[in-house]
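A short worksheet on the structure shown next.
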Amino acid sequence: MQHMMKVLKDTQNFKRNDLVYAESVESEVIKVSSLNKSVTEQVENIYLLEIDQDISASVQKQLKNVEDRIQASQENLEKRTEQFESQVASLQSQLQTMTQTMQTMLPLILEKLQK
């Protein structure tokens, strides 16, 4: 009888131990699952960060190209402005020369017309 009680008690202890072990395993599975989710999120964040860095590098490159084109356009505009100013100065000089010539010749023409 005592033997039966001992076997029954041992069986109950085994069942309790199995239940505690099962709860422990379940707890570890939950921890591993949570850790796996966290690692997955971190990997996704790293992937998104790499994409962001690629996009940022592309945008920086495009911005540099735009800045270079603006610089080239400004230099071209400066050259054209200088050429225009030079042409205006040349035309003003020619106009002044023509005006002086006309002022010199006009009295002579009038004099000849009056004769």
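Each value in this text was obtained by applying a stated rule to the coordinates, not by laboratory testing. Here the structure is a predicted model, which is why all the values come from computation and not from measurement. Ideal geometry is used to build each Cβ from the backbone, glycine not excepted, and the neighbour counts take in all protein chains shown.
Could you check which residue among Gln42, Gln53, Gln100 shows the biggest mean-square fluctuation in a GNM of the chain with a 10 Å Cα cutoff? So, out of Gln42, Gln53, Gln100, the one fluctuating most is Gln100. What's the angle, to the nearest 10 degrees (0 to 90), between helix 2-114's Cα axis and the longest principal axis of the chain? Taking the Cα atoms of the chain, the angle to 2-114 is about 0 degrees. Of the residues Glu50, Glu85, Glu67, the one that moves most in a GNM of the chain with alpha-carbon contacts below 10 Å is Glu85.
Of (1) 42, 30, 29; (2) 166, 17, 10; (3) 44, 23, 21, which one was derived for Cα extents along the principal axes in Å from the structure shown? Among (1) 42, 30, 29; (2) 166, 17, 10; (3) 44, 23, 21, the one derived from this structure is (2).
Computed from the Cβ-Cβ distance with R0 of 41 Å, the FRET efficiency linking Lys31 to Gln71 stands at 0.10. Fully extending the segment from Thr99 to Glu111, taken as 0.36 nm per residue of separation minus the present Cα-Cα distance, adds 2.5 nm.
Over all other residues within a Cβ to Cβ distance under 15 Å of Ser86, the charged ones net out to -1, with Lys and Arg as +1 and Asp and Glu as -1.
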